[in-house]
1. Over 29 Å between Cα atoms, which of Lys73/Lys140; Lys79/Lys140; Lys78/Lys178; Lys79/Lys204 qualify?
2. For the range 3-242, what does the relative contact order come out to in percent, with C-alpha contacts under 8 Å and a separation of six or more?
3. In the set [x] 25, 22, 17; [y] 30, 28, 18; [z] 36, 21, 14, which value of semi-axes √(5λ) of the Cα gyration tensor in Å was calculated from the structure you see?
4. How long is the gain from Ser20 to Lys73 if the chain were fully straight, where each residue apart is worth 0.36 nm and the alpha carbon distance is subtracted?
5. Kindly identify the range 41-181 as rounded, prolate or oblate by the Cα gyration tensor criterion: order the square roots of the eigenvalues as a ≥ b ≥ c, call it rounded if a/c is under 1.5, otherwise compare a/b with b/c, prolate if a/b is larger, else oblate.
6. Per residue of the chain, what 222 nm ellipticity follows from adding -39500 (n - 2.57) for every DSSP H run with n ≥ 4, rounded to the nearest 500?
7. Any chance you could check the Cα centroid distance between the range 192-238 and the range 60-114 for me, in angstrom?
8. Given points 7 Å out from each Cα along the Cα-Cβ axis, report the Phe96 to Asp61 separation in nanometres with one decimal.
Amino acid sequence: MTKSQLAAFILLPVLLNSCSSMYMPNVPNTPMLSQRGELSGGAHISLRGNASLNGAYAVADHFGVIFGGSHMKREWEKKDYKHNLLEVGGGYFNTFGPDDNRIIEVYAGYGGGSTDRVFRHYDDQNILTGSDLQKVTYSKTFFQVNYSSRKSDNLKLFGRNFPISYGTALRISSVEMKTFMINDIGQLREGNVFLEPVFFTRMKLSDQIQLQYTTSGNFGLNSRKYMNAGNSIFTVGAVVNVGGKTLK
């Protein structure tokens, strides 16, 4: 991949992420669990202020539970956007490969959230003439498959080598409105199914702590006016794993 291609790949989610949908995806949970008793936690933030928290715990040799959530509150001159989301799930994980450093994870779960949007209208003299308040609550079910590898390349910075690892996930999210109000008047509810391919890169700072960059797309299978695929993911954050297998 050339430098220009890499820059376009990194910047594309920023250009697409315009808060144009009532559904704001959180950072999918990619804990890279490897054995019973391992604990993973992560915190991520986007350039627009969408903050995500993730956690996971391996309750058995090949079964883990996950939870996650996100929050965002932004105010602009002509538009405000606020959302909250919580989800829980569980599923299967396993390590494989010649050095036991590749990880496959399959999770499913349920959650719910809310989104409030305010649109302000101005006349030619920039005087406020009115506003629209849109409020949605929704439920969410999801299924995702994660593949990652702890086999690392090295990035040399400031005279030190930092191991770099990569991973990908495909999440399918079914989101259904529970309530939908515009200016306190009930509206026809919408739902959609979203495909969310995710790519992440981790830079190892210590045996437990890694920095993570996450980027994704967001594609709706149905054409909707409000519950559409308008927000992608571009975040940076940190991930902590404690109690996992030692890399061979």
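What follows is calculated from the coordinates using simple rules that are stated; it is not laboratory data. Just so it is clear, the model here is predicted, and its values are computed rather than measured. Glycine gets a Cβ as well: all are built from the backbone with ideal geometry, and neighbour counts include every protein chain shown.
1. On the way: Lys73/Lys140 20 Å; Lys79/Lys140 25 Å; Lys78/Lys178 27 Å; Lys79/Lys204 39 Å.
Those over the limit are Lys79/Lys204.
2. On the way: 651 pairs, mean separation 47.4, N = 240.
20 percent.
3. Answer by label: [z].
4. Values: separation 53, 0.36 × 53 = 19.08 nm, distance 1.43 nm.
Stretched out fully, the Ser20 to Lys73 stretch lengthens by 17.7 nm.
5. Working: a/c = 3.78, a/b = 1.75, b/c = 2.16.
Taking the square roots of the gyration eigenvalues as a ≥ b ≥ c, the range 41-181 is oblate.
6. One gets -2000 deg cm²/dmol as the mean residue ellipticity at 222 nm.
7. 10 Å
8. 1.6 nm
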